[in-house]
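Following: one structure in structure tokens, then a few remarks.
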Amino acid sequence: MPKKDLIDIQDLSTEEIDDMIALAEEIIDDPARFQEVCAHRILGSLFYEPSTRTRLSFESAMLSLGGQVIGFSEAGASSVAKGESVADTARTVECFADIIAMRHPKEGAPFVAAQSVDIPVINAGDGGHNHPTQTLTDLLTIHREMGHLDKLVIGACGDLKFGRTVHSLIAAMSRYANVEFVLISPEELVIPEHVRTEILDRKGIPYREVRALEDVIGELDILYMTRVQRERFFNEADYIRLKDTYILTPERMAQAKPEMRVLHPLPRVNEISVKVDKDPRAAYFRQVKNGKFIRMALIMTLLGVNA
Ligand code: NCD
């Protein structure tokens, strides 16, 4: 069997995604059954960009499966600082690990790593491009919160240009029936052309682009908030001008449906007031927890391990 990587959410069929969600839900219901399934397996965790949730959830996932973790969270502490290529670093880690999770500021770096090694490589976020494991986390969260992935009006709000999580989320959610998107962003941060033409237009998915959250919040089943991606701006003045365009407050939440759910990949900066956290519709910390379970399911799937 050829090895399988996860570079783009489109690498997975809808059936594979649904199976992974089902496996994550089995793990949530009975974690003890899975605590040794990856004994003696090693995850190489290669993070060239800052991360809290993604890195720690990958590491916690592997440890909770009985496996072990090696790697770096600061590229400056590895031979990358000496100018080593992504391909050579991946070939080195392949000598020590069974599976790699890689986050990198350059689009395509995890793909290059995957081409260079014979073990599975997982993209843990590449530049402004993709973030497939965040999307699996988001799908598991929507499934657990709403009970289904079809028939949903999904509002994505904030930095839709540089926010890689939104690009992968649209690609994944477009597969389910009767899903509709409301894309809420300032003019400067609209969704990239390739997402519009290659996913939304090509599949004929209904979507609207709007500027004001208050005009549409009452129609949404899911509100997916995002942070303005400061590190991907060329110009600090533009970041400062745009960073507080949207701030979700309890007053704004009062206009939303009682069953709407708020998701956010986190970290949050200002875009959700901490006063919203106690609203039962705020699902973003439950989403963090789901991230560990779906990564357990993903590691098991790519390693071909069963409980
Ligand atoms: C996101 C990311 O890194 O793209 N965070 C995450 O992985 N949970 C979102 C962000 O940084 O804004």
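The values are calculated or read from the model by the stated rules, or taken from the named source; none is laboratory data. The shown structure was predicted, so the numbers you read here are calculated from the model rather than taken from an experiment. For neighbour counting, all protein chains shown are included, and Cβ atoms are generated from backbone atoms with ideal geometry for every residue, glycine included.
Quick notes on this one:
- Residue within segment 157-167 that is modelled with pLDDT of 95 or more and closer than 15 Å to Ile21 by Cβ present: no
- Only a single item in (1) surrounded by fewer than 13 Cβ atoms within 10 Å (Cβ to Cβ); (2) under 25 Å from Gly125 (Cβ atoms); (3) touching a helix residue (DSSP H, G or I) at 6+ places or on another chain (Cβ under 6 Å) is not met by Arg230, and it is number (1).
- Number of positions in segment 176-195 that are farther than 22 Å from Ile247 by Cα, away from the ligand (no atom under 16 Å from the Cβ) and surrounded by fewer than 20 Cβ atoms within 10 Å (Cβ to Cβ): 6
- Count of residues meeting criterion [within 16 Å of the ligand (Cβ to nearest atom) and of a type in the set (A, V, I, L, M, F, W, C)] in segment 7-58: 6
- Residue count for segment 260-274, restricted to those that are farther than 10 Å from Thr226 by Cβ and either free of Cβ contacts under 8 Å to residues at least 12 places away in the same chain or in contact with a Gly (Cβ under 8 Å, 6 or more places away or on another chain) (or both): 1
- For first residues located in segment 207-235 and more than 26 Å from His148 (Cβ to Cβ), partners that are away from the ligand (no atom under 16 Å from the Cβ) and among the charged types (D, E, K, R) and lie 6+ apart or on another chain with Cβ distances below 7 Å form the pairs Glu214/Arg252.
- Of the residues making up segment 13-30, those that are assigned to a helix (DSSP H, G or I) and free of Cβ contacts under 8 Å to residues at least 60 places away in the same chain are Glu15, Asp18, Ala22, Asp29.
- For segment 256-287, the set of residues classified as in contact with a Leu (Cβ under 9 Å, 6 or more places away or on another chain), more than 15 Å from the ligand (Cβ to nearest atom) and in a loop (DSSP other than H, G, I, E, B) consists of Ala256, Lys257, Met260, Ser273, Arg281, listed by residue number.
- Considering the conditions (1) out of contact with any helix residue (DSSP H, G or I) (no Cβ under 6 Å at 6 or more places or on another chain); (2) more than 10 Å from the ligand (Cβ to nearest atom); (3) under 23 Å from Glu231 (Cβ atoms), Gly163 is excluded by exactly one of them, (2).
- Total residues in segment 110-138, condition within 16 Å of the ligand (Cβ to nearest atom) and either assigned to a strand (DSSP E or B) or modelled with pLDDT of 95 or more (or both): 15
- Taken as a whole, the condition of being closer than 30 Å to Asn235 by Cβ, within 16 Å of the ligand (Cβ to nearest atom), touching a residue at least 60 places away in the same chain (Cβ under 8 Å) and not in a loop (DSSP other than H, G, I, E, B) does not apply to Gly155.
- Scan segment 79-109 for residues that are touching a Gly at 6+ places or on another chain (Cβ under 6 Å), within 12 Å of the ligand (Cβ to nearest atom) and either of a type in the set (A, V, I, L, M, F, W, C) or in a loop (DSSP other than H, G, I, E, B) (or both) and the total you get is 1.
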